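Below is one structure, written out as structure tokens; comments come after it.
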Amino acid sequence: MKAGGALFRVSVAALTVLGLAGTVHALRPDPEDVSQSLYLFGTMVEVEIHGVKEPQARAAIARVDQHLQQIHTDWHAWRPGALETLNAALAAGESARVDPALAQVLAQGRDLACTSDGLFDPAIGALIAAWGFHADTLPEGDPPLDATIDALIAPHPTMLDVTISGTEVRSSNPAVQLDLGAYAKGAALDLAEEDLRAEGITDAVLNAGGGVQVMGRHGARPWRVAIRDPFAWGVVAALELAPGEALHTSGNYERYLEAGGVRFSHILDPRTGRPVTDIVSVSVLAENGALADAAATALSVAGAQDWPRIAAQMGVKNVLMITGQGEIFATPSMRARLDPVGGDFPAPVTLVDLPASPRPRCD
């Protein structure tokens with residue numbers, strides 16, 4: 001589950017197509033563009049296709065829509081569907097078979113949990129539910145009691161407890177409850193790209209509240225998007241996305257629990273069971289949506305001190321982080337891609353080199 005974006009107009013001619021924290025908006029409508037908004041995991045998904053006749057574009061979008069609706073059912077942890085059935089089996093100490101697409105996503109989630117040292121971990125579904133972040137709407141009421149949180153993290157559920165053999169899934173730990181929210185949008189957009197390619201689409205942009213993924217170009221120019229300023233109704237910077245790139249932002253500013261005058265972020269630290277407090281936004285640019293989506297969560301949990309090591313282990317090189325104090329950190333390669341809107345960044349950008357961290361063994 002990720003913070004979503006909202007439409008925002010920028011009076012900069014260069015921003016012909018703007019993705020703000022995951023929302024794409026054409027400032028000057030292009031007659032060669034066909035777009036449609038769909039719904040997935042509590043947010044609107046916008047698909048925009050460029051350069052083909054409308055009947056072909058509509059047929060491609062219909063294929064994506066059908067697939068996304070199936071994913072919305074199958075991957076929802078707490079509604080009737082494949083993942084809910086799997087969770088019930090795991091809690092009972094039993095194995096279950098899932099369809100190949102879900103098995104592949106779970107296998108990728110296991111690998112990402114390993115390379116992130118467990119800072120991203122889809123196995124903490126019971127903890128996510130306790131905080132109320134499993135629903136499509138903002139949670140209400142009080143945060144869970146400390147005793148409840150401690151009881152949920154005591155058995156240390158992790159994706160490394162999960163074994164995936166073909167399409168059969170089992171867990172050695174009955175406390176494992178799977179929730180794919182921290183990378184489901186990226187993984188779903190990866191599959192949507194495959195659907196578009198199968199329909200002959202080469203130039204398109206997909207946007208799902210917090211994540212933007214592109215195929216090809218927007219005619220003679222690249223797709224151009226922007227990263228939202230988490231403190232103000234504006235943007236931190238814009239950048240051009242190359243074909244096949246995905247930009248995912250994890251932020252605490254739109255999905256949260258507010259109780260007793262305190263705002264609790266939806267991004268939970270699997271080690272403590274508590275929300276992240278010192279990081280307000282992390283943007284990751286990669287060539288795979290699930291990776292970028294998961295890494296944005298993991299680096300938020302890692303915090304300002306440890307995120308370079310985790311980024312290196314996960315294999316992501318382009319990162320922008322904003323702390324609660326308004327500090328901005330970026331890898332040199334990410335900084336080179338950023339174009340400040342309005343002449344300057346909201347704060348000085350501190351460059352951070354990634355260490356040579358070896359990839360963990362994830363067998």
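The values are calculated or read from the model by the stated rules, or taken from the named source; none is laboratory data. Keep in mind it's a predicted model, so treat the numbers as computed, not measured. Every residue, glycine among them, receives a Cβ derived from its backbone with ideal geometry; neighbour counts consider all protein chains shown.
A compact table of results
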quantity	calculated
Which listed residue is over 23 Å from ARG79 (Cβ atoms) and either assigned to a loop (DSSP other than H, G, I, E, B) or not hydroxyl-bearing (Ser, Thr, Tyr) (or both), from VAL169, VAL212	VAL212
Test: ASP306 is within 27 Å of GLU140 (Cα to Cα) and of a type in the set (Asp, Glu)	no
Test: LEU285 is touching a Leu at 6+ places or on another chain (Cβ under 8 Å), surrounded by fewer than 23 Cβ atoms within 10 Å (Cβ to Cβ) and part of a strand (DSSP E or B)	no
Looking only at the range 294-346, and only at residues there that are free of Cβ contacts under 8 Å to residues at least 60 places away in the same chain, in a helix (DSSP H, G or I) and hydroxyl-bearing (Ser, Thr, Tyr), the one that is nearest to MET159 (Cα to Cα)	SER300
Residue selected from the range 226-244 under the condition modelled with pLDDT of 95 or more and under 20 Å from ASP33 (Cα atoms), by the criterion surrounded by the most Cβ atoms within 10 Å (Cβ to Cβ)	LEU241
Residue list for the range 202-221, restricted to those being in contact with a strand residue (DSSP E or B) (Cβ under 6 Å, 6 or more places away or on another chain) and more than 18 Å from GLY289 (Cα to Cα)	HIS218
Considering residues of the range 49-77 that are touching an Asp or Glu at 6+ places or on another chain (Cβ under 8 Å) and under 21 Å from ALA290 (Cβ atoms) only, the residue modelled with the lowest pLDDT	ALA77
Unmet criterion (only one of (1) crowded, with 18+ Cβ neighbours inside 10 Å; (2) small (Gly, Ala, Ser); (3) farther than 23 Å from ASP339 by Cβ; (4) touching a Pro at 6+ places or on another chain (Cβ under 9 Å)) for ALA259	(1)
Pairs where the first residue, in the range 183-209, is over 20 Å from LEU285 (Cα atoms) and the second is β-branched (Val, Ile, Thr) and in a loop (DSSP other than H, G, I, E, B), C-beta under 7 Å, 6+ apart	ILE201/VAL52
Qualifying residues in the range 303-350 (those that are β-branched (Val, Ile, Thr) and closer than 19 Å to ALA242 by Cβ) - the one surrounded by the most Cβ atoms within 10 Å (Cβ to Cβ)	VAL319
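A quick yes/no check of all residues on (1) at pLDDT below 95; (2) hydroxyl-bearing (Ser, Thr, Tyr); (3) surrounded by fewer than 22 Cβ atoms within 10 Å (Cβ to Cβ); (4) closer than 30 Å to PRO157 by Cα:
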position	(1), (2), (3), (4)
ALA182	yes, no, no, yes
LYS185	yes, no, no, yes
LEU191	no, no, yes, yes
ASP195	no, no, yes, no
ALA198	no, no, yes, no
VAL205	no, no, no, no
GLY210	yes, no, no, yes
VAL214	no, no, no, no
ALA220	yes, no, yes, no
